[in-house]
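Here's the structure we're looking at; comments come further down.
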Amino acid sequence: MKLGRTRSVALAGLEGALVDVEADLVQGLPQFLISGLPDVACKQSPDRIKAAAANSGVPVPNRRWTVNLSPASMPKGGSGFDLPIAIAVLAAAGLLPAAVVAPMVHIGELGLDGSVRPVRGVLPAVMAAARLGVRSVVVPADNAAEAALVPGVQVLPARHLSELVSRYLLLGQGKVPQDEPVVAASVGEPEAVPDLRDVVGQDEARLALEIAAAGGHHLFMVGPPGAGKTMLAERLPGLLPALEPAHALEVTAIQSVLGVLPRSGALVSRPPFVAPHHGASMAAIIGGGSGFIRPGAISRAHRGVLFLDEGPEFKQSVLQALRQPAESGEVTIARASAVVRYPARFQLVLAANPCPCGRGFGKGADCSCSPRARRDYMGKLVGPLLDRVDLQLQVHAVSRAALTQPSGETTAAVAGRVVRARELQAERLSGTPWQVNAEVPGPMMRRSVLRLPREATVDLDRAIERGALTLRGYDRVLKLAWTVRDLDGGGTPTRSDVGLALTLRARAAVAA
């Protein structure tokens, strides 16, 4: 009997740290103790390990075992520590060659029959291990395709504990086992996206949607039920370019942590579209939970679109909590045990009726809402949150004349212009950490090469002088103006471009 060691990975958000798993025999009555801040699932590992080992032909000696997960001050969660604990214990018992298993990284849950079952978060765990210099990892076979997405790491799939034991015994004898090759899953098949030509009329809203896609801007639409707000929002992801490889890995890693990644483990290549119900809690939207801190809807919408339909129906606290991540691109969730950061670079799309009953448009003759009810309804959105939304427009009810008009442009046609506009932005912002106009900090819009001549901003200057805009709003109109110019072929925005941007930002506020 001797000390057994191997390694695993503990996740905190999408960041991971290597964990040394140590197993040793001590004097005393038979017992199986795990130290190092394990959670409930991890504390239950001994029963699963004993049954799995017995059913794999390598029973764990009935002695007093002490297993330490180091660093002991870091919380360890989930059933993914079953496999590394089992390997360390078997090495300490002399059933596996200690020198062979010590440098390996193991991740996986054990079934009572010895099968190695998939777990959540394998992709970010392997990414973290690779950053820390690990070159070989053992993961459940069902997680092997996603783990193989990480370059420079040899992925060894494990289906059963007995197979893994046989492999290590061969290596201990100096023999080379025939490892099963693992091929990274190809990029997922693109899903059919709704076509923009299905939207009847709404020329101004279609233009706003194109500008939002080209510059990564947030969008707010106010209009009566049935005007097409939801249809427009659902067509925004189709206008966005495919994800870059680094961004695709981030989005796929978030889905892996949530356990919603397809079994194929394919890389997510298209921007996600997330539309939570208005009754969703703070933890569901922002992220949180007890024990394991899960990412919320804003992180699931990372590099994609977060659509809040019936925006005023969401809880006030949830709406206000969107302010910081909508601007910074990440969310920080603090708990007594840990502080976790998740990426949240999403495009926010808000939709609202003009009043609670939805009939307060036009002359509002059919509206049954009191002035106070209307004020309280829209009051949930005005203020600091809406000030961070670049495009704010009124979506009017579709007229009969619009039904006879020819269909508008297709999603493919508009998406082509969006790609060209983004290429201009990438060229202009090369050498900076920003990629689209919406990401550029406000002060940068008023400095250096992005500063516009006074004759182009004369209308904007008047608006801020009379208090119609805040400084944040001033900067966001400048960003919109750059996007308008990029869609028109590039160059420096003119007074006309700034005027259009100012109109598209102020329209909903005036209507409300």
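Things to note:
- Residues of the range 1-58 classified as assigned to a strand (DSSP E or B), of a type outside the set (D, E, K, R) and touching a residue at least 40 places away in the same chain (Cβ under 8 Å), total: 16
- Within the range 316-338, restricting attention to residues that are free of Cβ contacts under 8 Å to residues at least 60 places away in the same chain and exposed (fewer than 14 other Cβ atoms within 10 Å of the Cβ), the residue that is nearest to GLY442 (Cα to Cα) is SER328.
- Elements of type helices (runs of 4 or more DSSP H) contained in the range 88-155, each with 1 or more residues being over 22 Å from PRO343 (Cα atoms): 98-101, 144-147
- The listed residue being at pLDDT below 85 and among the β-branched types (Val, Ile, Thr), out of VAL331, VAL349, VAL382, VAL340: VAL382
- For the range 224-263, filtering for residues that are on the phi > 0 side of the Ramachandran plot and buried (at least 19 other Cβ atoms within 10 Å of the Cβ) leaves 1.
- Those residues of the range 303-315 which are outside any strand (DSSP E or B) and open to solvent by less than 10 Å² (accessible area, probe 1.4 Å), in sequence order: GLY304, GLY311, PRO312, PHE314
- Count of residues meeting criterion [open to solvent by 60 Å² or more (accessible area, probe 1.4 Å), under 30 Å from SER337 (Cα atoms) and assigned to a loop (DSSP other than H, G, I, E, B)] in the range 268-302: 5
- Candidate set from the range 119-157 (those that are touching a residue at least 60 places away in the same chain (Cβ under 8 Å) and touching a Pro at 6+ places or on another chain (Cβ under 6 Å)); member that is most open to solvent (accessible area, probe 1.4 Å): ASP142
- Restricting attention to the range 37-78, the residues that are in contact with a Cys (Cβ under 9 Å, 6 or more places away or on another chain) and modelled with pLDDT of 95 or more add up to 1.
- The set of residues in the range 193-246 that are within 11 Å of VAL349 (Cα to Cα) and acidic (Asp, Glu) contains only GLU234.
- Within the range 485-502, tally of residues that are among the aliphatic types (A, V, I, L, M), touching a residue at least 24 places away in the same chain (Cβ under 8 Å) and open to solvent by 20 Å² or more (accessible area, probe 1.4 Å): 2
The values are calculated or read from the model by the stated rules, or taken from the named source; none is laboratory data. Predicted model only: the values in this text are computed from it and were never measured. We place every Cβ from the backbone using ideal geometry, glycine too, and count neighbours over all the protein chains shown. Protein only, heavy atoms only, side chains kept; ligands, DNA and RNA dropped before computing areas. Shrake-Rupley method; radii C 1.70, N 1.55, O 1.52, S 1.80 Å.
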